[in-house]
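Values in this text are rule-based calculations from the coordinates and carry no lab data. Predicted model only: the values in this text are computed from it and were never measured. Backbone-built Cβ (ideal geometry, glycine too); neighbour counts: all protein chains shown.
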Amino acid sequence: MPTLIGAAMIAAAILLSTLINAIGNRYVGFESPTEESAWLVDRLTGQVYKCHAPQPGRASCEAEIPTGSVGDRQKRKAEPGP
């Protein structure tokens, strides 16, 4: 019985640390070619925001509806072997 209690405590600690890590690293930012704007992605909900800061200080962010996919590439045709 003590083994099961210990296993349950370890499992609860792992789940709690995963939850805290997910909430702490919720947003991922991507820079755009211009220094005035950047993209912010909410990893929890999947929302994409375009943030604009023409001057140093706080940025204003607006929700965007993403179309397409990141890293859209053309598929190469398989080359015949020798």
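What the Cα convex hull of segment 1-64 gives, in volume per residue, is 94 Å³.
Note on Ser17 and Lys50: with the Förster distance fixed at 25 Å, the Cβ-Cβ geometry gives a FRET efficiency of about 0.20. Placing dummy labels 7 Å off each Cα toward the beta-carbon, the span from Glu31 to Ala59 is 1.1 nm.
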